[in-house]
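Below you'll find the structure I mean.
Read the figures in this text as sums done on the coordinates, not as results from a lab. Nothing here was measured: the structure is a model prediction, and the numbers come from that model. Cβ: placed from backbone, ideal geometry, glycine included. Neighbour counts: every protein chain shown.
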Amino acid sequence: MMKRKREKITKKIVKSKNYFLFFSIFDIIKSIIGMVGGIMNRKGQALVEFVLIMPVLIFIIFVIVDFGTIFNNRSSLSSVSDDIVDMYKNGDSIDDIKNIYKDVEIEMSSYKEKYVKIKIEKSVNLVTPGLGKILDDPFVLKVERVINAT
């Protein structure tokens, strides 16, 4: 049996002088590995690769969920800021506005004498472990609007 494999290898080496150099060298290496006794177990290799890749994939999924949550909260905070500006322009008091929107932090201050600066903040808790080292945990979203006070 060993003799047959050696004959195949020599035939492949002779073939390698043709245009198929890369493929024949690959076949030679594959034959040599097969002669050693079939060391490679494909099922075990697939399991090891799966075990190595799975935590990375789970981490990526959690990061996608966190960024989706951040973008969703940013959009809703922008909508809330538009509502707050409308309420302020309609003459509602700052305390009434703060009572309606208790889940966000609202701060109003005068800006260059004839403008009012409305600053809104909301905290978002991150789900992904380790992402808090890159971003602040809880991640604070901020929206600022400057409107004419008159």
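Between LYS89 and ASP136, what length in nm is gained on full extension when 0.36 nm per residue of separation is reduced by their alpha carbon distance?
In short, 13.5 nm is gained.
Let me ask another. Assign unit charges at the C-beta atoms only (+1 for Lys and Arg, -1 for Asp and Glu), then state the dipole size of the range 101-150 relative to its Cα centre in Debye, rounded to the nearest 20.
I would put it at about 220 debye.
In the structure shown, do any of LYS117/LYS142; LYS114/LYS142; LYS89/LYS112 have a Cα-Cα gap over 21 Å, and if so which?
Too far apart for the 21 Å limit: LYS114/LYS142.
Ok, one more. What FRET efficiency comes out for the pair ASN72/PHE50, r = Cβ-Cβ distance, R0 = 41 Å, nearest 0.05?
FRET efficiency, ASN72 to PHE50: 0.80.
Which order do the peptides 124-131, 86-93 take when ranked by the mean count of other beta-carbon atoms within 10 Å per residue, highest first?
Result, highest mean Cβ count within 10 Å first: 124-131, 86-93.
With charges only on Cβ, +1 for K and R and -1 for D and E, what is the dipole size of the range 42-148 about its Cα centre, in debye, rounded to 20?
Using only the charged Cβ atoms, the result is roughly 440 debye.
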